[in-house]
Amino acid sequence: MTVDEAAFLRVEITLDLTCVHSFIGFTRFERVAARHRAEGGRLEVVFRPFQVSPDAPPEGRPLAEVHREFFGSAARAAQATAGMAAIGAEEGLELNFDRAVHVNTFEAHRLLATAARQGRGEAMAERIFRAYLTEGLNIGDRATLDRLAAETGVEPSPDGADELRAELSRVLATGVRSVPLFDFGGGIRLSGAQSEEAFRRAFASALAGSARLH
């Protein structure tokens with residue numbers, strides 16, 4: 001189906017930048033979004049912040065330690081992460097849980113918000129996800145984030161901390177307790193790392209709803 005050039009969608013994505021389900025879901029969403037744009041459709045993506053581990057230390061600790069504590073043993077942790085790594089590989093993603101640094105994502109979210117204001121939000125989100133889950137970088141480290149910003153063509157800003165705290169509180173107040181969430185408006189919302197087919201259906205439904213309104 002060819003999307004009319006005037007077709008416009010606004011999608012709000014609520015995610016955390018250390019969440020593997022957010023990474024996989026975002027990757028699938030972006031593929032469908034790319035097709036929508038290639039067919040002439042217009043799309044605005046708005047990021048909403050969420051912290052799965054708001055008490056995680058800013059200096060970080062090995063994710064493998066966190067997984068051992070959560071799953072109760074190294075063997076169970078390895079089994080769980082191997083399964084997720086296999087799913088990621090099917091999507092073309094290299095997920096190295098043994099290298100990842102579990103860290104507070106406040107500063108990463110602040111950079112993402114800055115990038116979004118500069119029209120680089122989607123590229124910045126992908127770069128931060130990859131830095132965390134593929135390259136094992138500490139995405140709470142200011143110097144690391146500055147380097148990622150430079151690679152993505154984003155000018156870092158010292159501003160936005162108060163606004164981010166307010167937005168994190170607002171998102172929690174709406175009842176969000178897990179991510180990712182993809183809100184297409186008109187009651188069309190997907191949760192979790194949905195399939196590309198599910199995203200295609202959501203795009204089509206949202207476009208049909210938009211056409212009825214006009």
Test: Val66 is of a type in the set (Val, Ile, Thr), touching a strand residue (DSSP E or B) at 6+ places or on another chain (Cβ under 8 Å) and part of a helix (DSSP H, G or I): yes
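A quick yes/no check of all residues on (1) of a type in the set (S, T, N, Q); (2) in contact (Cβ under 8 Å) with a residue 12 or more places away in the chain:
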position: Ser157; (1), (2): yes, yes
position: Ala166; (1), (2): no, no
position: Ser169; (1), (2): yes, no
position: Gly175; (1), (2): no, no
position: Ser178; (1), (2): yes, yes
position: Phe182; (1), (2): no, yes
position: Gly185; (1), (2): no, yes
position: Ala206; (1), (2): no, yes
Evaluation of Val103 against (1) without any contact (Cβ under 8 Å) to a residue 24 or more places away in the chain; (2) crowded, with 21+ Cβ neighbours inside 10 Å (one fails), failing number: (1)
Members of segment 1-48 that are of a type in the set (A, V, I, L, M, F, W, C), surrounded by fewer than 15 Cβ atoms within 10 Å (Cβ to Cβ) and at pLDDT 95 or above: Ala34, Ala38, Val46
Any hit, segment 184-198, residues being farther than 24 Å from Glu94 by Cβ, touching a helix residue (DSSP H, G or I) at 6+ places or on another chain (Cβ under 6 Å) and either assigned to a helix (DSSP H, G or I) or β-branched (Val, Ile, Thr) (or both): yes
Tally of residues being more than 19 Å from the chain's Cα centre (by Cα), in a helix (DSSP H, G or I) and more than 22 Å from Pro57 (Cβ to Cβ) across segment 146-162: 1
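One line per residue, one yes/no per condition, for (1) assigned to a helix (DSSP H, G or I); (2) without any contact (Cβ under 8 Å) to a residue 24 or more places away in the chain:
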| site | (1), (2) |
| --- | --- |
| Leu9 | no, no |
| Thr18 | no, no |
| Ile24 | yes, no |
| Ala34 | yes, yes |
| Gly40 | no, no |
| Leu43 | no, no |
| Ser53 | no, no |
Residue within segment 138-145 that is touching a residue at least 24 places away in the same chain (Cβ under 8 Å), more than 27 Å from Arg35 (Cβ to Cβ), among the aliphatic types (A, V, I, L, M) and buried (at least 17 other Cβ atoms within 10 Å of the Cβ) present: yes
So Phe71, is it closer than 26 Å to Ser169 by Cβ and either surrounded by 19 or more Cβ atoms within 10 Å (Cβ to Cβ) or more than 20 Å from the chain's Cα centre (by Cα) (or both): no
Set Leu111, Leu93: member being outside any strand (DSSP E or B), crowded, with 20+ Cβ neighbours inside 10 Å, among the hydrophobic types (A, V, I, L, M, F, W, C) and touching a residue at least 12 places away in the same chain (Cβ under 8 Å): Leu111
Some residue of segment 167-177 being surrounded by fewer than 14 Cβ atoms within 10 Å (Cβ to Cβ), of a type in the set (Lys, Arg), assigned to a helix (DSSP H, G or I) and at pLDDT 95 or above: yes
Verdict on Ala143 being in a helix (DSSP H, G or I) and closer than 22 Å to Glu12 by Cα: no
Residue in segment 120-128 that is of a type in the set (Gly, Ala, Ser), surrounded by fewer than 17 Cβ atoms within 10 Å (Cβ to Cβ) and in contact (Cβ under 8 Å) with a residue 40 or more places away in the chain present: no
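The values are calculated or read from the model by the stated rules, or taken from the named source; none is laboratory data. Owing to the predicted nature of the structure, the values given are computational and were not obtained by experimental measurement. Note: ideal-geometry Cβ built from the backbone for every residue, glycine included; neighbour counts use all protein chains shown.
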